[in-house]
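Heads up, the thing below is written out as structure tokens.
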Amino acid sequence: MYEFAVTPAVTNIRRRGVEISDVAAESLGADMELQAGDRIIKVNGRTVRDYLDFRFHTAGETELVLEVRKQNGEDWELELERGEGEDFGLTFEQIVPRQCANACIFCFCNGNPADARPSLFIKDEDIRLSFLYGNYTTLTSITEDEMRRIVEQRLSPQYVSVHATDLDVRAYLLGIEKERADISSKLARLLEAGIEVHAQVVLCPGINDGEVLRKTIYDLAAEYPRITSVAIVPLGLTRYNTDARLTAVTPEFCRNVIDQVTTIQQKLRADLGTNFALLGDEIYLRAGRAIPATSHYGDYPQIEDGVGMVRSFVNEFAKVTKRIERDANGNLQSKRGTIFTGTLFAPVLRRLVDKLNDRFGSQLIVEPIENGYFGGDVSVAGLLTGRDLLSARERVKGEFVLIPRQMLKSDDEIMLDGMRIGEVAESLRLPVHAINLDQFAGLLLQKN
Ligand code: SF4
């Protein structure tokens, strides 16, 4: 989820330059007596708006003049020489995202409970975050300055929510007039400048599926390899989405989409040598169909969008199993605990963990948790909350609880409903570990 990628800092929006948040000891930045709270205003006379500008203006430069506004209000001009590639040792404030001006009928903000924390309502539409984190933009309100910046600073790849190449359908989905929904010239300009584009379709039953989807895939594939891939992910509805224009995604719908897109993929593979159009994992899981093989995903171009994440996890789990085999002397009998995850992924994880138990004697159980906070068909682990965990307390077995790391904010041990992991642990009276797969192996291999 994007909300973990940035912290809104609205009060900083109008301040000039970029603020330093940390200076590494014995670094170039420390030698220049830069401190957290100082702002870099210009580099070699060029304005700095954020750390991407700083990175761009300093790249390859060995002789630099920095204009700095010190935290105490003094203005410094620093002249320095640095070795080629020498790092400044500076960490900067996070980027304040630009907001979108769309009114998408499926916008995730419409699916939030009214009391959800403010960061969940950020409607980001920011080409910088697209480049840095793979966030999607619709390009509908991109400015000329931003267009030029993408090209000049090579902010490539860009991730673009296309949804449909049929203009009427795209405008309808985005809730804006056709004129603004039409991004064909902007897209062409980026592609001509050599900017790599990954496209996304949020698939809404009855709106951009069927023939509209077929046309969208082929229109985008006509630009391959400049458009590298299109990710097709299903509409997600929470209990708060009450828009009558939206229809929930069903297993049958998913099966039909798989059948349709598989045929298209075969043709594209023959013509282009790539599947190009990749379906989100959720579509296979909801359909009850097997997740495709590794080769299906190429180099996993849109894995962060949940496209190939399950296949990648299964592959990584096999490596973890090998590592355990090598380092645990085949015995994990003392490892007894409960692994919580989302309902959709739980059957996949349970199969893997059951095999691990059979092989090494561990007693780990996988328990799916319903999402009580958002409700609806929200079933991914990343949107589970502390209260969801506590509601499943009777199912806890063993001496510890494991939850996926993505349930926590990226920079804090806090969950979407504001509960801290320590509170959950206290309430369950057991250690609760939020882990990734690598940490899972480490935990199992730890001596008791
Ligand atoms: S582009 Fe659409 S889905 Fe994304 S934040 Fe804006 S309104 Fe919401």
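For this structure, a couple of remarks:
- Of all aspartates and glutamates in the structure, those lying under 13 Å Cα to Cα from K322, and not within fewer than 8 positions of it along the same chain, are D438.
- Computed lengthening from S21 to N436, 0.36 nm per intervening residue step minus Cα-Cα distance: 146.7 nm
- The length gained by stretching the chain between A101 and L352 to full extension, at 0.36 nm per residue less their Cα-Cα distance, is 86.0 nm.
- Computed over the chain, relative contact order equals 10 percent, with contacts defined as Cα pairs under 8 Å that lie 6+ residues apart.
- Per residue, the accessible area of the chain comes to 47 Å², computed with a 1.4 Å probe over protein heavy atoms only.
- R395 versus D182: modelled label distance in nm, points set 7 Å from Cα along the beta carbon direction: 5.1
- Remark: the range 93-98, residue by residue, has Karplus-estimated 3J(HN,Hα) of 4, 6, 6, 7, x, 7 Hz, where x stands for each Gly or Pro and the curve is 6.51 cos²θ - 1.76 cosθ + 1.60 at θ = phi - 60°.
- With a simple spin-label model that places each label point 7 Å from the Cα along the Cα-to-Cβ direction, the separation between R55 and R336 comes to 4.9 nm.
- For the chain, fraction of C-alpha pairs farther apart than 36 Å, in %: 38
- Summarising the label geometry, the points placed 7 Å from Cα in the beta-carbon direction at C109 and E152 lie 2.9 nm from one another.
- Per DSSP, loop trypsin sites (Lys or Arg not before Pro) in the range 127-161 with at most 14 further Cβ within 10 Å: R154
- Leading residue at positive end of dipole, the range 343-448 (Cβ point charges), from L364, I435, L383: L364
- Sequence of Y284, Y224 from largest to smallest accessible area, 1.4 Å probe: Y224, Y284
- All Cα-Cα distances of the range 229-283, cut into 5 Å bins from zero to the largest, leave 4, 18, 24, 19, 15, 9, 6, 4, 1 percent in each bin in turn.
- Dipole magnitude of the range 256-332 about its Cα centre (Cβ charges: Lys, Arg +1; Asp, Glu -1), debye to nearest 20: 260
- As a calculated quantity, the FRET efficiency between E426 and V314 at R0 = 51 Å, using C-beta atoms, amounts to about 0.90.
- Computed from the Cβ-Cβ distance with R0 of 25 Å, the FRET efficiency linking D87 to D299 stands at 0.35.
- Placing +1 on the Cβ of every Lys and Arg and -1 on the Cβ of every Asp and Glu, with no other charges, gives the chain a dipole of roughly 1780 debye about its Cα centre.
- R0 of 25 Å, Cβ-Cβ distance S141-Q35: FRET efficiency to nearest 0.05: 0.10
- Charge dipole of the range 107-197 about the Cα centre (unit charges at C-beta), most positive-ward option of G175, I127, N110: I127
- Peptides 23-29, 199-205, 129-135, 35-41 ordered by packing proxy, namely the average of other Cβ atoms within 10 Å per residue, highest first: 199-205, 129-135, 35-41, 23-29.
- Point-charge dipole on Cβ atoms (K/R +1, D/E -1) for the range 58-105, about Cα centre, debye to 20: 540
- Computed packing ranks the peptides 332-342, 107-117 as 332-342, 107-117, most packed first, by mean other Cβ atoms within 10 Å.
- Cα-Cα over 23 Å, subset of K123/K178; K70/K409; K178/K267; K123/K215: K70/K409; K178/K267; K123/K215
- P(r) tail for the range 270-354: Cα pairs beyond 19 Å make up 49% of the total.
- Computed packing ranks the peptides 69-79, 400-410, 354-364 as 400-410, 354-364, 69-79, most packed first, by mean other Cβ atoms within 10 Å.
- Carbon/sulfur fraction of accessible area - the chain, other protein chains in place, 1.4 Å, %: 49
The values are calculated or read from the model by the stated rules, or taken from the named source; none is laboratory data. As the structure is a prediction and not an experimental result, all values here were calculated from the model. Here the Cβ is made from the backbone with ideal geometry for all residues, glycine too, and neighbour counts use every protein chain on show. When the accessible area is computed, the model is the full protein with side chains, heavy atoms only, and any ligands, DNA or RNA have been set aside. Shrake-Rupley method; radii C 1.70, N 1.55, O 1.52, S 1.80 Å.
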